[in-house]
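The values are calculated or read from the model by the stated rules, or taken from the named source; none is laboratory data. Computed from a predicted model, the values in this text were never measured in an experiment. Virtual Cβ from ideal backbone geometry, glycine too; neighbours counted across all protein chains shown.
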Amino acid sequence: MISQSSMPDSGSGAPAGAQDSVLQKVGSTARRIVSNQTVFMLILLLIMLFGFSQLSPYFLTKHNLLQISIQAAVFCMLGAGQTFVILTAGIDLGVGSVLALVTVTSAIAMEEMSGMGVAGLLVGLLVGLLVGGLCGLANGLIIGKLRVPPFVATLGMMGIARGLALIVTGGVPRFRLAEGADFLGQGYILGIPVPTISTIILYIICFIILTRTRLGRYTYAIGSNPKATLLSGINISKYIIIIYTISGLTAAMAGLTEMSRIGSGQPAGGSGYELDSIAAVVLGGTSLLGGEGTIVGTLIGALIIASLRNGLNIMNIYAFWQQVAIGIILILAVFADQVRRGRRE
């Protein structure tokens, strides 16, 4: 006789060992999802979109989603350059002030070239890019050559750029932009906002740089182990200068988009934008300790911030509470990164 206890469990449809194997695979998959912050934050973004859509019928409309992409564009651009910087275990606290300086210098150049048509517009845009690039270059030289810590160097640039923006304008916004300047921030191509298209192009370029070029490999290497990178013969100072120049150029792109969107150069603009750019990078899974992260993650992080603000606005939540929410999410993201690294070690 065969005892009933030794018989297979016909009601389960599978042996107990097979069930355990399935459960183990499910648990392993869940752990991989949780340990990969980029994937985890993508899931969080989808949950957030679903949640806000249940609270308001206007949230998931085509018009509102396009507005979210426009609102996210400036932070995406700032976050793109900030990603390069944080991957090297650095930080750029001056991007908001550089953005303001770019808007006013570009607006002034357009005023001086008024009546020149397209030439005046192009000169204004090139001046803005040049100013942003020079600010980034200065950061890179101070950090890479003079060995000043990134926090101190970019904190100094924050004050310098903001002060210069106020000095050259006397604290008064500049409104006389060249004809056609609004297209960069307010135009549409085939029904898609130009800021959204600019963001997509920028992120494709950054993705290629980080995954397919020597600069990208060295960016990760500098953040992972700077001593080993130096001993392998890589000129760290050179690449630090390039990386901070990239951050300055993306801040300039963000500034030109912001100027075009609001129709003026604002010397007091960009206040607090450095927090949002850092939050987008960290939320996307880039470690503040350097050497780990993706540009796609930064894009997801920026979309989370923009979606959160948009959803709270639709729900008529007081604007200051939005900053509280972003600050809490940032702290939780950094904590999750530390926990994830601790488990691996």
What pairs can you find where one residue is in the range 96-109 and in a helix (DSSP H, G or I), the other is charged (D, E, K, R) and surrounded by 24 or more Cβ atoms within 10 Å (Cβ to Cβ), and their Cβ atoms are less than 7 Å apart, with a gap of 6+ or different chains? Gly96/Glu274; Leu99/Glu258; Thr103/Glu258
Checking Ala280 against (1) in contact with a Ser or Thr (Cβ under 8 Å, 6 or more places away or on another chain); (2) over 21 Å from Met41 (Cα atoms); (3) assigned to a helix (DSSP H, G or I), which single condition isn't satisfied? (2)
When Ser271 is run through (1) without any contact (Cβ under 8 Å) to a residue 60 or more places away in the chain; (2) not in a helix (DSSP H, G or I), the failure sits at (1)
Select from the range 184-204 the residues that are in a helix (DSSP H, G or I) and of a type outside the set (Val, Ile, Thr) and list them in ascending order. Leu184, Gly185, Gln186, Pro195, Ser198, Leu202, Tyr203
Given (1) modelled with pLDDT of 90 or more; (2) within 28 Å of Leu101 (Cα to Cα), where does Leu275 come up short, assuming only one miss? (1)
Any hit, the range 223-237, residues being outside any loop (DSSP other than H, G, I, E, B), hydrophobic (A, V, I, L, M, F, W, C) and within 30 Å of Glu179 (Cβ to Cβ): no
Any chance Leu125 is in contact with a Leu (Cβ under 8 Å, 6 or more places away or on another chain) and either modelled with pLDDT under 95 or under 18 Å from Gly263 (Cα atoms) (or both): yes
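Determine which member of the set Ile86, Ile142 is within 14 Å of Gly248 (Cβ to Cβ), assigned to a helix (DSSP H, G or I) and modelled with pLDDT of 95 or more. Show your work before the answer.
Working: Ile86 fails: within 14 Å of Gly248 (Cβ to Cβ).
Step by step, each of Ile86, Ile142 is checked, and only Ile142 is within 14 Å of Gly248 (Cβ to Cβ), assigned to a helix (DSSP H, G or I) and modelled with pLDDT of 95 or more.
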I'd like to check something: does the range 210-219 contain any residue that is touching a residue at least 24 places away in the same chain (Cβ under 8 Å), farther than 30 Å from Thr105 by Cα, of a type in the set (Val, Ile, Thr) and in a helix (DSSP H, G or I)? yes
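Look through Gly297, Gly293, Gly301 and report the one residue that is surrounded by 13 or more Cβ atoms within 10 Å (Cβ to Cβ), at pLDDT 90 or above and in a loop (DSSP other than H, G, I, E, B).
Values: Gly297 fails: in a loop (DSSP other than H, G, I, E, B); Gly301 fails: in a loop (DSSP other than H, G, I, E, B).
Matching residue, one of Gly297, Gly293, Gly301: Gly293.
Any idea which of Gly255, Gly327 is surrounded by 24 or more Cβ atoms within 10 Å (Cβ to Cβ), in a helix (DSSP H, G or I) and not charged (D, E, K, R)?
Working: Gly327 fails: surrounded by 24 or more Cβ atoms within 10 Å (Cβ to Cβ).
Result: Gly255 is the single residue among Gly255, Gly327 that is surrounded by 24 or more Cβ atoms within 10 Å (Cβ to Cβ), in a helix (DSSP H, G or I) and not charged (D, E, K, R).
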Scan (1) buried (at least 16 other Cβ atoms within 10 Å of the Cβ); (2) modelled with pLDDT of 90 or more; (3) over 15 Å from Gly293 (Cβ atoms) for the single condition Gln67 breaks and write down its number. (1)
Being more than 30 Å from Gly163 (Cβ to Cβ), at pLDDT 95 or above and buried (at least 19 other Cβ atoms within 10 Å of the Cβ) narrows it down to one of Leu215, Leu249, Leu210, Leu202, so name that one. Leu210
Residue tally, condition touching a residue at least 24 places away in the same chain (Cβ under 8 Å), in contact with a helix residue (DSSP H, G or I) (Cβ under 8 Å, 6 or more places away or on another chain) and part of a helix (DSSP H, G or I), over the range 110-129: 7
